[in-house]
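Here's the structure, in structure tokens; my notes come after.
The values are calculated or read from the model by the stated rules, or taken from the named source; none is laboratory data. This structure is a prediction, so every number in the text was calculated from the model and none was measured. Ideal geometry is used to build each Cβ from the backbone, glycine not excepted, and the neighbour counts take in all protein chains shown.
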Amino acid sequence: MIQAKILCLEGKHSSSPTFVSALRKKGYLVEAVSTGKAALEVLDSLIPNVVVVNAASMRTSGIRICQSLRETTDSVPIILISDGENAPEDAPVNEILMLPFTIRKLENRIKPFLPLESDKILKAGALELDLEHHQFRCDERETRLTPRLSGLLEMLMRRHNEVVTRDELFRKVWETDFTDDTRTLDVHISWLRRAIEEDPRKPKYLKTLRGVGYRLDV
């Protein structure tokens with residue numbers, strides 16, 4: 001799994017802070033709903049890693065909502081956010097956070113409930129590569145790569161911010177000492193840029209050093 005899934009239940013009271021957009025910016029896949037009924041409807045299909053109930057944004061203690069969620073599933077962790085005025089005494093949750101607090105504190109409470117990262121997930125900055133399924137992800141973009149492109153990206157990610165020569169790429173990815181087929185490498189680099197760059201014509205990550213090789217800047 002490349003992206004942790006969070007079910008976030010938030011109301012629309014403007015006086016209460018919202019956490020949905022901040023969590024998305026942190027790289028989580030957030031399904032936002034505004035009612036307990038909606039949360040229950042998506043719970044089974046989404047199978048989230050964590051449920052965040054922002055009771056403060058709904059001007060409620062959140063106890064009834066959390067009880068309904070817990071009756072539906074006893075395995076998904078629940079984090080309850082309270083404003084203190086409607087502080088729950090006996091909510092069936094894993095964590096209770098009292099406002100105010102920072103997004104970092106919320107993230108620190110979420111992380112212990114997430115599954116351990118697989119050694120098949122390679123990271124370099126904002127880039128992630130699932131080595132087993134050849135799946136690339138950056139921000140909200142996700143792309144499945146061919147095994148060859150996945151191998152090419154893997155080598156560049158493992159040596160990110162370093163120049164990797166064309167000869168090295170050929171020997172490692174194509175497993176050959178014949179390194180004169182420059183067209184093959186050029187085409188694959190072009191395909192890789194289309195997969196990982198927002199604008200392949202103005203690459204942010206995969207840079208060409210003419211006559212030398214390539215560098216993945218992260």
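Taken as a whole, the stretch 64-72 holds no residue that is assigned to a loop (DSSP other than H, G, I, E, B) and either over 18 Å from Lys5 (Cβ atoms) or not assigned by TED's automatic domain parsing to the domain that holds Tyr28 (or both). Taking the stretch 169-198 as the range and being of a type outside the set (Ser, Thr, Tyr), outside any helix (DSSP H, G or I) and surrounded by 11 or more Cβ atoms within 10 Å (Cβ to Cβ) as the test, the residues that pass are Asp181, Glu197, Glu198.
Among residues belonging to the stretch 123-143 that are touching a Ser or Thr at 6+ places or on another chain (Cβ under 9 Å) and in a strand (DSSP E or B), point out the one that is farthest from Ala195 (Cα to Cα). My answer is Asp130.
In summary, Leu99 fulfils each of the numbered conditions (1) buried (at least 16 other Cβ atoms within 10 Å of the Cβ); (2) in contact with a Pro (Cβ under 8 Å, 6 or more places away or on another chain) with the single exception of condition (1). With the structure loaded, tell me whether Thr165 is farther than 30 Å from Ser61 by Cβ and within 15 Å of the chain's Cα centre (by Cα) or whether it fails that test. The answer is no for Thr165. Can you say whether Leu23 is touching a strand residue (DSSP E or B) at 6+ places or on another chain (Cβ under 6 Å), of a type outside the set (Lys, Arg) and at pLDDT below 90, as far as the supplied structure shows? It is false that Leu23 is touching a strand residue (DSSP E or B) at 6+ places or on another chain (Cβ under 6 Å), of a type outside the set (Lys, Arg) and at pLDDT below 90. Only residues that are farther than 22 Å from Pro115 by Cβ and either in contact with a helix residue (DSSP H, G or I) (Cβ under 8 Å, 6 or more places away or on another chain) or crowded, with 18+ Cβ neighbours inside 10 Å (or both) were counted in the stretch 35-55, giving 4. Taken together, the criteria exclude Val76 from residues that are in contact with a Lys or Arg (Cβ under 8 Å, 6 or more places away or on another chain), closer than 14 Å to Leu7 by Cα and not in a helix (DSSP H, G or I).
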